[in-house]
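Participant: Sharing a structure below in structure tokens format, with a few things to ask.
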Amino acid sequence: MMRYWVVALGLALLLTLLPFHVLALQEEDPLPVTPGAGRFLPSAQDLGPDWVEVWQSGLDPGADLFKEGAVTVYGGSAGSRAVVYAWVIQDSTTAVRRSWEETADLLNDQRYEWASDYDWSQADVIDRLPAPDGCVEASRAEGGNPDSQYPAGLTLCAIDPNVIVLAIVSGELEGETGYLSSDLLIQKALRAGAS
């Protein structure tokens with residue numbers, strides 16, 4: 001019974017802290033998740049036994065850069081939460097370059113929502129880290145949410161030849177926090193995409 005209340009409290013907190021555009025999408029019927037982008041959305045069980053899928057939808061990212069997009073929101077124990085975005089890029093060099101710029105802008109927007117308190121001295125260290133395995137390019141951010149006091153990590157990953165995934169974790173994932181937790185979620189998304 002206690003576990004039920006902890007999960008319920010965590011989900012309530014998750015819904016109050018989700019980015020506005022994700023909540024706005026929930027008001028309408030969700031778009032179907034397309035197979036190209038959807039294959040990079042891990043199941044809640046992939047995240048761990050205490051994780052549940054809160055919401056999943058296809059995205060309409062605009063046809064000039066992307067063929068497909070999808071997002072899943074997860075809730076975990078002790079108020080942890082996670083979001084995975086996945087996009088399949090149009091087949092052109094311009095689309096590949098511009099799609100990375102556009103998703104990097106989204107990473108920055110999400111950083112202010114999830115991790116607005118961050119240590120600038122660590123930003124250079126994080127920027128110099130090699131990309132996670134399977135990513136040809138990566139960008140990361142970490143910090144804390146001043147409202148919830150949860151640590152958060154965000155990892156943006158370009159996957160050859162035409163996929164970009166953004167993983168966000170607030171709280172813990174398998175005992176990791178910050179960019180280590182979002183890098184771990186990227187690995188789970190890559191395994192899901194490969195299966």
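Only the coordinates and a few stated rules stand behind these numbers; no lab work does. All values derive from a computational prediction rather than experimental measurement. Positions of Cβ are generated from backbone atoms using ideal geometry, with glycine treated the same way; all protein chains shown enter the neighbour counts.
Participant: Given a Förster distance of 45 Å, report the FRET efficiency between ALA123 and GLU28 from their Cβ-Cβ distance, rounded to the nearest 0.05.
Facilitator: 0.80
Participant: Another question, if that's okay. Could you compute the longest span of the chain free of GluC sites (Glu not before Pro) located in DSSP loops and having at most 10 other Cβ atoms within 10 Å, not counting the site residues?
Facilitator: 29-195
Participant: Considering only PRO49, THR177, THR93, whose Cα is most displaced toward the positive end of the charge dipole of the range 2-194, charges sitting on Cβ of Lys, Arg (+1) and Asp, Glu (-1)?
Facilitator: Checking the options against the dipole of the range 2-194, the answer is PRO49.
Participant: Rg/Rh for the range 2-194 to two decimals, with Rh computed the Kirkwood way over all alpha-carbon pairs.
Facilitator: Result: Rg/Rh = 0.94.
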